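A short worksheet on the structure shown next.
Every number here is computed from the coordinates shown, using simple stated rules; none is lab data. This one's a predicted model, so the numbers in the text were calculated from it and none came from an experiment. Please note: Cβ atoms are built from the backbone with ideal geometry, for glycine as well, and neighbour counts cover all protein chains shown.
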Amino acid sequence: MRRCSEGRVERGHGVLRGRASALLAALIALGGCVTKAQQEVSRIQGIAAASAPVLDACWAHAVASPPHQALKGKMGDNSDALTLAMKTNAEKATPEEAAQMLSLQWNYLAPCRKIALESAGKVHPAIVAVLAESYAKAEANSANLVAYKISWGEFVTENQAIVNQRRAELLAAGESIQRSLSESN
């Protein structure tokens, strides 16, 4: 028997044969000494590692989609790739562009957002809240574009602001979660 830093008593696992068994025994023994905060960090990292390739593939599929490719000249590939001409474009969407934007939203972005929300739900409710609010703002912005209420320039400028706000709020939520984990040690 040995005593871990948290005061729990761990018992030996008997004689194990083979390298894999020895490694497994060592991991089990060490696992009992890991703090709850370390376990939570490990859990979150596992979710991120599993979700990232799926999300990346989904967003890449959206960017490669026919509606995005058709609209790319008006809105760029992402909010960080906007030109001055895009930001100052006073034109409103044509009916064809509005249909393409709706297709992009429903058929490509909505599934990616769903995956992101499901993944965030496994991490922390604060992350879900940030994403849900941001996605609702982005959808309202797109609705204004396809309803001919705003120009392309207004759309991309607002979209850039929404993305920047989401990034800042996700960073703040992550720091809050990290502080909470640090305090629980």
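So the values come out like this:
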{"quantity": "Condition met for Ala168 (in a helix (DSSP H, G or I), of a type outside the set (Lys, Arg) and surrounded by 12 or more Cβ atoms within 10 Å (Cβ to Cβ))", "calculated": "no"}
{"quantity": "Subset tally (residues that are in contact (Cβ under 8 Å) with a residue 12 or more places away in the chain and of a type in the set (Asp, Glu)) for the range 38-79", "calculated": "2"}
{"quantity": "Selection from the range 74-98 of residues that are exposed (fewer than 14 other Cβ atoms within 10 Å of the Cβ) and more than 24 Å from Asp56 (Cβ to Cβ)", "calculated": "Thr83, Leu84, Ala85, Thr88, Ala90, Glu91, Thr94, Pro95, Glu96"}
{"quantity": "Candidate set: the range 137-149, residues that are part of a helix (DSSP H, G or I) and of a type outside the set (A, V, I, L, M); chosen: the one surrounded by the most Cβ atoms within 10 Å (Cβ to Cβ)", "calculated": "Ser142"}
